[in-house]
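The values are calculated or read from the model by the stated rules, or taken from the named source; none is laboratory data. Since we're looking at a predicted model, the values are computed, not measured. Positions of Cβ are backbone-derived with ideal geometry, glycine not excepted, and every protein chain shown enters the neighbour counts.
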Amino acid sequence: MRQRPATTLTALASWLIVLAFMAPFAWMVLGSFKTTLDFLAYPPVFVFRPTLDNYRQVFADNSFLRYLMNSTIVAAGATSIGLLLGIPAAYALARWRQTALGILLLAARMAPGIAFLIPLFVMFLQLHLVGSYTSLILSHLIFTLPLTVWMMVSFIEAVPREIEQAALIDGCSVLGVILRVIVPLTAQGIAATSILAFIASWNNFLFALVLANDRTKTLPVAVLGYIGYNSIQWGTLMAAATFITLPVLVLAMCVQRYIVRGLVSGAVNG
Amino acid sequence: MAERRARRNLTPLLLSLPALVVMAAVMGFPLLYLCFMSLHRWSMVGFEPPRFIGLHNFTALVDDERFTDSLWRTLLFTALGVASNIPAGLGIALLLNQRFFGRNLLRALMILPMVATPAAMGLVWVVMLDPTLGIVRFMFRAIGVANPPLWLSDPFWVLPTLVFVDAWMWTPMVALICFAGLAALPAEPFEAARVDGASAWQRFRFITLPLLMPTLLVAVMLRVMDLLKVIDIVYVMTGGGPGHASETINVYNYLVALSYDRIGYGAAVALVLFAIVLLCTVALVHARRRTA
């Protein structure tokens, strides 16, 4: 469909709508610099003397750094294992038909997380693995691995077969083809895929809620601690939320072209 | 020659074997185990070993009002979500499909709500929706609504409010999918219609919409899958409350299996939820095949 120039009115409407979608982020960042007193003001204040106290408080709590480390370890682990297993599988799927793998991948996209979580919880309990990084990383593979395979299949399909065939004729093994031809030629795709898998793991809430303990908790679960039964620590909550989401937003902007493809293929929700 | 062919056929299997083994371990086996559990009375803290009770967990579901309520609530949540996300997303896509200053920037910004950590953003929305100090209440009063609802604390409004927060996260995805669909439409029918003097509405109604239908159905399918499974934002924003007013099937499932320790019963709920997602997806795939 040919794109037509917008009228002033429709251009303005587009800007307004998108800015409205951004408003919660602005309010979050703004709130993270507010004192409790500014927070309790009604009507809400937009102009105030900013304070770094909220961030200081978040980091004064040693366990927050621990949760940050946990999130990083789990996301990095789930992403790299996903790549290691996913790239060869994606190559097989792109070049040959792999029905069993395809069905499993589809089931992963449809099944609710809880359907895996209940049995995994019981299994990990019996193996004394609940609360370990191992259990978290293994459970996150449920979405990072299918996401990696789906994304990489489309990148690998774009590589011309002639190059691989030339390498094979020159005596390269299939593994050699993957390492020396596919990986270098899809480097950009691998980068995008790893960022998406990292985000999916970083954002995951439910699995960590059940499989982590106080020492291995990840950030999305930890942030819940700022809401008590009767009191909300408004400022610290906003500072923690900003700190958790900011890396994701920055990473996502780097790979914005691939985001939708990743969300379509990977199980992100529930 | 025969030997070589056999070896070549083995290659893809060997390549995907590590992934297959891991997926069988973390997905395939757990799903079978889940089916096994659903046929047992099963508790983790009790001293009683799991006891086989046949299909009793499934028949008990029918009489469990909390389950049937959560099921209808989830279907309502899904219907409201689809009914709001799809038209809004298509509208935004049509707006962004024009040429104007800053369009690429706006399109890039649109990805942010769907990648931001849902648990954290859910809590930010809790702060914004606060019934006394929240910015949302302030804005409603500014436009003249003297007594806006209590949003998350109101048993009637809590579900629509959660649909709204979910829509904030996922309407942009629908918009970007539609946008890609629009970009792929052929130009000729539109030009022909213009020559024939069709109005903008007629061009939308009789050309854009039918041609875009397969894309729209993909968006519906993705949204249905995720709306049926909604849990993160509900869990952090309301925990299913007030009362059980926002308890969706996935939230109930989590509570019953992992908080109340009725593992076998929870497994049955999880299987029913899986079956519902599967049925809806298959139905939508069929619908898409008919339009495409």
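Results, tabulated for the structure shown:
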| read-out | value |
| --- | --- |
| Filtered residue count, the range B:111-136, keeping only those that are more than 16 Å from B:D166 (Cβ to Cβ) and either β-branched (V, I, T) or facing chain A (nearest Cβ under 7 Å) (or both) | 5 |
| Pairs with Cβ under 7 Å, 6+ apart, first in the range B:218-235 and more than 7 Å from chain A (Cβ to nearest Cβ) and crowded, with 22+ Cβ neighbours inside 10 Å, second outside any helix (DSSP H, G or I) and β-branched (V, I, T) | B:V234/B:T248 |
| Residue count for the range A:101-130, restricted to those that are more than 7 Å from every other protein chain (Cβ to nearest Cβ) and within 17 Å of B:P18 (Cβ to Cβ) | 2 |
| Wholly enclosed helices (runs of 4 or more DSSP H) of the range B:154-208 bearing at least 2 residues within 17 Å of B:I233 (Cα to Cα) | B:158-183 |
| Residue list for the range A:12-61, restricted to those being farther than 20 Å from A:T236 by Cβ and assigned to a helix (DSSP H, G or I) | A:L12, A:A13, A:S14, A:W15, A:L16, A:I17, A:V18, A:L19, A:A20, A:F21, A:M22, A:A23 |
| Test: B:R290 is closer than 30 Å to B:L212 by Cβ and free of Cβ contacts under 8 Å to residues at least 60 places away in the same chain | yes |
| 2 or more residues in contact with a Leu (Cβ under 7 Å, 6 or more places away or on another chain) and aliphatic (A, V, I, L, M): qualifying helices (runs of 4 or more DSSP H) within the range B:1-95 | B:2-23 |
| Residue satisfying all of: in the range B:64-100; more than 7 Å from every other protein chain (Cβ to nearest Cβ), over 30 Å from B:A270 (Cβ atoms) and of a type in the set (A, V, I, L, M, F, W, C); surrounded by the fewest Cβ atoms within 10 Å (Cβ to Cβ) among these | B:A88 |
| Selection count where residues are within 13 Å of chain B (Cβ to nearest Cβ) and either buried (at least 17 other Cβ atoms within 10 Å of the Cβ) or within 30 Å of A:R66 (Cα to Cα) (or both), scope the range A:147-171 | 8 |
| Residue under evaluation B:Y252, criteria (1) assigned to a helix (DSSP H, G or I); (2) away from chain A (no Cβ under 11 Å), criterion not met | (2) |
| Residues satisfying the stated conditions in the range B:137-166, i.e. of a type outside the set (V, I, T) and at the interface with another protein chain (Cβ under 10 Å from one of its Cβ atoms) | B:R137, B:F138, B:M139, B:R141, B:A142, B:D166 |
| Subset tally (residues that are among the β-branched types (V, I, T) and either part of a loop (DSSP other than H, G, I, E, B) or more than 9 Å from chain A (Cβ to nearest Cβ) (or both)) for the range B:255-269 | 1 |
| Pair list, Cβ under 6 Å, 6 or more apart: the range B:184-201 residue facing another protein chain (nearest Cβ under 10 Å) and in contact (Cβ under 8 Å) with a residue 24 or more places away in the chain, other residue surrounded by 11 or more Cβ atoms within 10 Å (Cβ to Cβ) and in a helix (DSSP H, G or I) | B:L185/B:L211 |
| Residue within the range B:237-245 that is part of a helix (DSSP H, G or I) and at negative phi present | yes |
| Criterion: within 7 Å of another protein chain (Cβ to nearest Cβ), among the hydroxyl-bearing types (S, T, Y), in contact (Cβ under 8 Å) with a residue 40 or more places away in the chain and at negative phi - qualifying residue of A:Y91, A:Y42, A:Y55 | A:Y91 |
| Criterion (modelled with pLDDT of 90 or more and over 18 Å from the mean Cα position of the chain (by Cα)) met by exactly one of B:L228, B:L216, B:L212 | B:L212 |
| Every residue from the range B:131-153 that is in contact (Cβ under 8 Å) with a residue 40 or more places away in the chain and either outside any helix (DSSP H, G or I) or out of contact with any Phe, Trp or Tyr (no Cβ under 9 Å at 6 or more places or on another chain) (or both) | B:S153 |
| Residue match in the range B:240-251 (condition: under 18 Å from B:L95 (Cα atoms) and either surrounded by fewer than 18 Cβ atoms within 10 Å (Cβ to Cβ) or of a type outside the set (D, E, K, R) (or both)) | no |
| Lone unmet requirement of (1) out of contact with any Leu (no Cβ under 9 Å at 6 or more places or on another chain); (2) closer than 30 Å to B:T11 by Cα; (3) at the interface with chain B (Cβ under 8 Å from one of its Cβ atoms) for A:A76 | (3) |
| Selected residue (only one of A:T134, A:T144 is out of contact with any helix residue (DSSP H, G or I) (no Cβ under 8 Å at 6 or more places or on another chain) and more than 10 Å from chain B (Cβ to nearest Cβ)) | A:T134 |
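Conditions (1) more than 8 Å from chain B (Cβ to nearest Cβ); (2) basic (K, R); (3) buried (at least 21 other Cβ atoms within 10 Å of the Cβ); (4) closer than 24 Å to A:G86 by Cβ, marked per residue:
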residue: A:V183; (1), (2), (3), (4): yes, no, no, yes
residue: A:Q188; (1), (2), (3), (4): yes, no, no, yes
residue: A:S201; (1), (2), (3), (4): yes, no, yes, yes
residue: A:N204; (1), (2), (3), (4): yes, no, yes, yes
residue: A:N213; (1), (2), (3), (4): yes, no, no, no
residue: A:T218; (1), (2), (3), (4): yes, no, yes, yes
residue: A:V221; (1), (2), (3), (4): no, no, yes, no
residue: A:M238; (1), (2), (3), (4): no, no, yes, no
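For every residue, the table says whether it meets (1) in contact with a Pro (Cβ under 6 Å, 6 or more places away or on another chain); (2) at pLDDT below 90; (3) crowded, with 23+ Cβ neighbours inside 10 Å.
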{"residue": "A:D61", "(1), (2), (3)": "no, yes, no"}
{"residue": "A:Y67", "(1), (2), (3)": "no, no, yes"}
{"residue": "A:S80", "(1), (2), (3)": "no, no, no"}
{"residue": "A:G86", "(1), (2), (3)": "no, no, yes"}
{"residue": "A:A89", "(1), (2), (3)": "no, no, yes"}
{"residue": "A:A94", "(1), (2), (3)": "no, yes, no"}
{"residue": "A:P112", "(1), (2), (3)": "no, no, yes"}
